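Data first, discussion second: the structure below is written as structure tokens.
Just so it is clear, none of the values below were taken in a lab; they were calculated from the coordinates. On a predicted model such as this, the values are computed, not experimentally measured, just so you know. So basically every Cβ, Gly included, is an ideal-geometry build from the backbone, and we count neighbours across all protein chains shown.
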Amino acid sequence: MPPSVASYVVDFLKPEMLHIYRQIAGQKNVTPWVLTHKRENAEYFPFPEKRLVVFPKTRLRWWRRLVHKHFIAAPWQIYRWELHHLLLTLVRTDAKLLHIYFGHMALHLLPLIKTFPKPVVVSYHGADAGIDTHKPARLAAMREVFRFATQIQARSNSLANDLIALGCPPEKIHIQRTGIPLNEWHFKPRTPPDDGAWQLIQTCRLIPKKGLDLTLNAFAQIKQTYPKATLTIAGEGPLLAELQQLAQTLNIADSVHFTGFLQQEPLRQLVQSAHLFLHPSRTGTDGNREGVPNSMLEAMASGCPVIATHHGGIPEAITHNHSGLLIEENDQAALTQSIQTLLSNPTQSQTLALNARQTIETTFNRDQNLATLEQTYLQLIKG
């Protein structure tokens with residue numbers, strides 16, 4: 001029987017966390033267990049119920065979060081009875097290793113990290129390494145996580161460097177890249193439309209760091225040259241109404257489609273039919289940064305040319321003028337010009353797309369990266 005590995009994911013699983021599902025559910029050389037406080041979207045993320053433990057959220061938990069947010073500088077931590085319950089569960093599941101997803105959750109689980117006698121892995125994904133790090137109490141708690149965790153995983157070298165700058169010992173960091181299932185995302189060469197009806201897309205959460213306002217403004221400029229062009233924005237989030245209003249203000253609402261969250265099959269169909277994928281990420285005012293956007297990697301795997309930004313771990317996936325085009329953050333003029341460049345140069349677009357697919361096959365291959373993760377687990381368990 002392969003050794004048991006427990007993965008702590010506070011909500012299992014939000015729609016945008018498909019990459020985490022792939023990483024946990026695909027494990028074969030270890031026996032995966034999931035510890036969570038909320039089971040969500042079970043129809044989209046099936047997992048054996050016998051290996052899924054749900055700890056109910058209590059009113060005390062909500063009250064504690066409220067108090068710490070407004071009155072106490074330090075991040076809240078689990079109570080003694082919660083620690084006891086978690087430890088008993090880890091013993092019952094015979095977990096040989098605990099993997100805590102997202103660094104901000106590790107702050108709350110510090111008593112468990114300090115107490116659990118087996119290896120503990122904490123993985124950082126982007127925003128969890130940048131938000132509120134200017135607060136002394138939060139930074140001190142992060143450094144305790146760095147000290148007591150067995151290994152700190154980062155999705156990109158950029159993120160790893162951020163963690164080192166915050167005090168993480170370099171020898172504790174392991175780069176664990178996300179992976180795209182190549183058997184699901186097939187490469188399809190793009191053909192320019194004869195009538196100029198270009199299909200542009202951006203698939204992401206509708207949040208500030210995704211740069212969706214830049215996308216809309218650039219598309220408004222593109223419409224002047226290609227009046228039949230369309231833009232599809234797939235995803236959900238708090239900026240929906242604001243973005244819809246911006247599309248109205250720019251007089252492009254009839255050509256912009258907001259689909260909401262899409263399941264994998266309709267999402268693949270959307271990406272496969274698109275001519276260009278946009279992702280002008282930028283750093284949020286709260287320090288929120290990308291790791292490596294999964295939606296961008298999926299577009300690269302499918303043969304859809306990508307325009308993105310010099311931001312976070314994106315340049316580790318895209319080499320400018322080789323596997324995509326990169327612009328600086330918040331540079332709307334450069335975004336517009338880059339779109340014009342690729343729409344008017346189909347040969348260049350095809351070359352970028354081919355090189356991008358090769359990058360996914362060699363660096364962001366789900367099967368290869370999952371095998372690396374399992375080997376890491378087994379090495380840590382062996383000691």
**Complete:** Simple SL model, points at 7 angstrom along Cα→Cβ for Lys172 and Thr341; separation in nm is 4.1
**Message:** Output needed: percent of Cα pairs per 10 Å distance bin for the stretch 199-363, bins running from 0 to the one holding the longest distance.
**Reply:** 11, 43, 38, 7, 0
**Request:** May I ask you to compute the full-extension gain from Asp132 to Ala165, defined as 0.36 nm times their residue separation minus their alpha-carbon distance, rounded to one decimal in nm?
**Result:** 10.4 nm
**Request:** Return the subset of Lys38/Lys210; Lys96/Lys382; Lys28/Lys382; Lys96/Lys172; Lys14/Lys209 for which the Cα-Cα distance in this structure is over 21 Å, preserving the input order.
**Result:** Lys38/Lys210
**Fill in**
The FRET efficiency for Ile381 and Ala253, from their Cβ-Cβ distance with R0 = 41 Å and rounded to 0.05, is 0.15
**Message:** Rounded to whole Å, give me the distance from the Cα center of the stretch 149-176 to that of the stretch 227-274.
**Reply:** 35
**Prompt:** In whole angstrom, how far apart do the alpha carbon centroids of the stretch 305-383 and the stretch 94-137 sit?
**Reply:** 28
**Prompt:** Nearest-5 percent of antiparallel DSSP beta bridges in the stretch 199-363?
**Reply:** 5
**Item:** Angle in degrees between helix 240-249 and the longest Cα principal axis of the chain, rounded to the nearest 10
**Value:** 20
**Asked** Taking the highest mean first, how do the peptides 331-337, 262-268, 198-204, 376-382 order by number of other beta carbon atoms within 10 angstrom per residue?
**Response** 198-204, 331-337, 376-382, 262-268
